[in-house]
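The block underneath contains the structure these notes are about, expressed in structure tokens.
The values are calculated or read from the model by the stated rules, or taken from the named source; none is laboratory data. Remember, it's a predicted structure, so these values are computed and weren't measured experimentally. Note that we place each Cβ from the backbone using ideal geometry, even for glycine, and neighbour counts take in every protein chain shown. Remember, those area values only see protein heavy atoms, side chains included, never the ligands or the DNA or RNA. Shrake-Rupley method; radii C 1.70, N 1.55, O 1.52, S 1.80 Å.
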Amino acid sequence: MTVHNLYIFDRNGSCLHYSEWNRKKQAGISKEEEFKLMYGMLFSIRSFISKMSPLDMKDGFLAFQTSRYKLHYYETPTGIKLVMNTDLGVPNCRDTLQQIYSTVRHTHTHTHSTLCLYSGNCLSFAAVCGVHREEPAVCAGRVSPERSVPQ
Amino acid sequence: MAIFSVYVVNKAGGLIYQYDNYVPRAEVEKTFSFPLDLVLKIYDEKLVVSFGQRDGIRVGHAVLSINGVDVNGKYTAEGKEILEYLKDPANYPVSIRFGRPRLTSNEKLMLASMFHSLFAIGSQLSPEVGSSGIEMLETDVFKLHCFQTLTGLFFPLILFDQNLKSALEIAEKAGAFGPGS
């Protein structure tokens, strides 16, 4: 079971956080453009399924998979979107994404708080307020300095 | 496992075949008196509920028929504007049927092309080498499977997974509100 990367978007489409662990192929465009493309794709998928759906939906879009990876999606009622790419062996990541969101909200207090995710075969967190702790061999976390994950 | 609809899209993204095998959609018919407590607005040439969700009528549902006569977009069958008709207290009490709007052929063409692009973007944003496009897309109500042939045609299919509890609950509730029961 592998986790490739994780994106967190706010309701306006700006990327709040991006972490990468095991990514073998880059998209071939700059990171800003990739975030915009990812957000645009999710927005289009949501509007596509709301038109296509034969019955009224409750949770909406959950996940999609291709021949090599699976993308899991979780959106909070406030518009925060968490997106995780994993390999095909992962059944359902919604609970994990919900846990990530609740843990970050719970521990965040300062404006420059960062989220550091370690991963091997499982996800565990060290959310540090005000200090960014680097583990260069394992974790490459990127946070836009002006933004903070909102309460 | 039931198949809702089949679409066949060509290499350029254009829809070439489409077939619907629908399970009946949730529709609600109610009688209203003046003034109407729902807020309706015109969206995509249809009259859609924008506020006032209650009793099975949800935001996004469209007006399907008035007093038993099917409407024609935002006009009644006689050609009058529905919004004007509903502003006049002399026309009440009125019985209106709401439900999920059906897709027109134009909308199906647009959605098929949109899916074609999403399929390609799914492959571009892949963190792994050699990924295909979207093969399976899952929501809480339906699953969309897509098969791409070697010649570039692709077949998105919408399936209704009968093991999904939430979908069954929705269908049961829809049955309870239907006009016959």
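Applying the selection to the range B:70-103, what residues are modelled with pLDDT under 85 and among the hydroxyl-bearing types (Ser, Thr, Tyr)?
B:Tyr75, B:Thr76, B:Tyr85, B:Tyr92
Could you please give the count of residues in the range B:112-148 that are touching a residue at least 60 places away in the same chain (Cβ under 8 Å) and either part of a helix (DSSP H, G or I) or touching a Gly at 6+ places or on another chain (Cβ under 9 Å) (or both)?
Going through the range B:112-148 one residue at a time, the tally reaches 5.
Yes/no matrix, rows are residues, columns are (1) open to solvent by 20 Å² or more (accessible area, probe 1.4 Å); (2) at positive phi; (3) among the β-branched types (Val, Ile, Thr); (4) within 15 Å of the chain's Cα centre (by Cα):
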position: B:Asp55; (1), (2), (3), (4): yes, yes, no, no
position: B:Ala62; (1), (2), (3), (4): no, no, no, yes
position: B:Val71; (1), (2), (3), (4): yes, no, yes, no
position: B:Tyr85; (1), (2), (3), (4): yes, no, no, no
position: B:Ser105; (1), (2), (3), (4): yes, no, no, yes
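Can you find, within the range A:25-53, the residue that is farthest from the other protein chains (Cβ to nearest Cβ) among those that are closer than 24 Å to B:Glu138 by Cβ and charged (D, E, K, R)?
A:Arg46
Pairs please, first residue from the range A:72-99 and surrounded by fewer than 19 Cβ atoms within 10 Å (Cβ to Cβ), second anywhere and assigned to a helix (DSSP H, G or I) and hydroxyl-bearing (Ser, Thr, Tyr), Cβ atoms under 7 Å, 6+ apart in sequence or on different chains.
Qualifying pairs under 7 Å: A:Thr76/A:Tyr101; A:Ile80/A:Tyr101.
Can you name the residue in the range B:133-166 that is at pLDDT below 85 and charged (D, E, K, R) and is also least open to solvent (accessible area, probe 1.4 Å) among such residues?
Only one residue fits best here, namely B:Asp161.
For residues in the range B:149-160 being over 15 Å from the mean Cα position of the chain (by Cα), in a strand (DSSP E or B) and more than 10 Å from every other protein chain (Cβ to nearest Cβ), which is nearest to A:Met57 (Cα to Cα)?
Result: B:Leu157.
Of all residues in the range A:29-54 being of a type in the set (Gly, Ala, Ser) and over 12 Å from B:Ile121 (Cα atoms), which is surrounded by the most Cβ atoms within 10 Å (Cβ to Cβ)?
Top of the filtered list is A:Ser53.
If you take the residues in the range B:116-132 that are over 16 Å from A:Gly28 (Cβ atoms) and facing chain A (nearest Cβ under 7 Å), which one is surrounded by the most Cβ atoms within 10 Å (Cβ to Cβ)?
Step by step, filter the range B:116-132, then rank; the result is B:Leu118.
Could you grab me the full set of residues in the range B:1-19 that are at pLDDT below 85 and open to solvent by 20 Å² or more (accessible area, probe 1.4 Å)?
Those that are at pLDDT below 85 and open to solvent by 20 Å² or more (accessible area, probe 1.4 Å): B:Met1, B:Ala2, B:Ile3.
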